[in-house]
Every structure is written in structure tokens, then in C-alpha cells.
Amino acid sequence: MKRCALLFIAFLFVSAGFSQYRWDWGVHVGASNYLGDIGGKDQPRRDFIHDVKLNQTQYVFGAHLRYKVSRTASVTASFMYGKVQGKDSETIYVPRRARNLNFRNNLKEFAVRGEWTLYTDNDVGGRGYYNPEFRLYGFLGVAALMHNPQGFLENGTADNASGWYDLRPLRTEGQAEEYSSLTVAFPMGLGIYFTFQKQYRFGWELGYRLSMTDYLDDISTFYAFDEELDSDLARALANQTTPEVIEETFGNPGEIYNYHYPEGYEGTTKNLRGVDNNNDGYIFSTLSAGMIIREKSRFSRSKYNWFNTRTRRKKARAKF
């Protein structure tokens, strides 16, 4: 018990010594991409980075506030705003190309995560200046994600002009009610940063986010029957396959493509629009720049505050 008490006191003393470097903040800017039912190259949907379409890369920006819990662990709160998009016309996989759907989505992510140091060097170059400091870390957390997918209507009508439309209110797969615009995501990845002069911090992160929705792209299960959709606009955006697209894709304008049903989908008369056994994900890769908040530690304030007070008083009297 006595040893534990001594260790705890030692921990408090050490923590007080470096508490002035516990907080830092930074801003981020970078690239975003999406992983879901739209994408791929010449195969059906594949998990993780195999479905990334680099020519659909978009932007992301945001900010973070980090608190250093110990020498190897930190907690970070962040807000990121990113855009993702995709379209079937970019793939050479025939079923997806014939489906001819598209989407874009603005993602608003508020995350809290833990960071763990994997490697550190507090004197890069070994010059004895302890400047800069390098750190490699991994992170894992949880995020609240707001999203609102939109689809582009390519072939407008007299009632509905070509352009972008919100997809969630249209319930394009005949859902009984709208899916939620708020969901949960789990950020995970790796990052590095350099600290210069114990104040300025520059870094890079690569993070994958697994969301708890399959509707970032508004595609998940089956094509709805026309009578299940409430408007001509919903019917037009739910199915954008045309005879021209079929002819271009298959070389036979009279052929109607139907997905092969995967295991577990037998017994339905609907055609597959997507596959709902994988949730959608997205990737943020960002550069960051920020500063350490160089506050005084409690130990420093309690021990030397009297000195600072007396010094200020002497300087004040010396002015007269």
C-alpha cells in the first residue's frame, strides 16, 4: 500500500511538471473518399480501400483540440466537414454501369477518440536541441455523423428539371419512413506530427471511418415498385437505367439486366439495387497545423506565484 501511495505521488509530481504542454489545437485540410455500393473497378463491391475511386476524391477540413493524458496517450475532440461522391458511370463493372446511379453527400463529423503513441523521437537528428520532436500514433474513437445524400437527375422532365435533389425524403427504395440523417461512425487510423520549438505542431493523418448506415449513397437493398414511390421525381431518381445506357453497356437495347441474387436473397420478386450486408465507410487524409497551449502547471503557479506577485509590485513601485 505504501509503495502504491509513493508511486501515485510520484505520478502527480511528474504530471505537474509537464502539464504546461498538455493541450494543443490545430486545423486540418485534406482529401476525402468514399467506400460503398457505388464504385469499384471491374468487380462487385469489395471492402475497405479496394473500392476507392481516386478520380472521385473530394475535400475535407476541420479542427481538433487534444489533451495529453500521459506521455503515451491523448484524448482528442475534433470536428470535420467533408464531401464524398460517386457515380456508376465511372466503373467498368457492367452491372453497376448499367444501374447508372450517382450521389454526393456532405458529411459533418464530431468525434472523440483516444490516441496511443507507437513511436517517438524527442530529438530528431540527435543534435541535442530537442527540436523538433517526432511522434507516430494510432487512434480509435467514436463520432456523431450528420449526412444528407443527393442525387443528380440526368434526364429531366417538364415537371422535374435536371439537377441535384435530396434523396432521403424521397425514400427511393420504398422505405416505410426516411432513414435518419444522424448516425454513428468509428474513426480509426494512423498519424504523425512534428513539434518545433515546443510550440508549433505540424502533422498528417490517414483515417478510415466505418459508419453505422448503408445509406451514405442512398443505395442499400432493392428497387422499389413504382406504386411504392410517392412521386415521379422519386421514381426518376430511384432508377436511372435507360435503353441508351443498356445498349451502351450490353450492346443489346432489348436486354434488361437483373443482379444475380446472393445467398439469403432468394424468394423476392424485386431486383437488387444494392447489397445491405456491408455498411458504408469513408476516408479522410489531412494535413494539420497548430500550436501547443503553454499554460503554467498547478505546481508552478502554487510554488512561484508569490515571486511573480512581488516582482510585479516592485516594478509597479519603481515607476513612481
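Observations, loosely collected:
- Candidate set from the stretch 106-142 (those that are out of contact with any Ser or Thr (no Cβ under 6 Å at 6 or more places or on another chain), of a type in the set (G, A, S) and part of a strand (DSSP E or B)); member that is nearest to F79 (Cα to Cα): G141
- Just one of the listed residues (P149, P95, P132) is surrounded by fewer than 17 Cβ atoms within 10 Å (Cβ to Cβ) and touching a residue at least 60 places away in the same chain (Cβ under 8 Å), and it is P95.
- Checked against (1) out of contact with any Lys or Arg (no Cβ under 9 Å at 6 or more places or on another chain); (2) open to solvent by less than 70 Å² (accessible area, probe 1.4 Å), N155 meets all criteria but (2).
- For the stretch 162-217, the set of residues classified as open to solvent by 60 Å² or more (accessible area, probe 1.4 Å), outside any strand (DSSP E or B) and free of Cβ contacts under 8 Å to residues at least 40 places away in the same chain consists of S162, P169, A176, E177, E178, S180, listed by residue number.
- Flag set for A98, criterion: out of contact with any strand residue (DSSP E or B) (no Cβ under 8 Å at 6 or more places or on another chain), farther than 20 Å from L216 by Cβ and not in a strand (DSSP E or B).
- Residues of the stretch 230-241 satisfying the condition of being open to solvent by 30 Å² or more (accessible area, probe 1.4 Å) and polar (S, T, N, Q): S231, N239, T241
- Failed item, numbered, when V52 is tested on (1) touching a helix residue (DSSP H, G or I) at 6+ places or on another chain (Cβ under 8 Å); (2) modelled with pLDDT under 90; (3) open to solvent by 20 Å² or more (accessible area, probe 1.4 Å): (1)
The values are calculated or read from the model by the stated rules, or taken from the named source; none is laboratory data. Here the structure is a predicted model, which means the values were calculated and not measured. Please note: Cβ atoms are built from the backbone with ideal geometry, for glycine as well, and neighbour counts cover all protein chains shown. Side chains included, ligands, DNA and RNA excluded: accessible areas come from the protein's heavy atoms. Shrake-Rupley method; radii C 1.70, N 1.55, O 1.52, S 1.80 Å.
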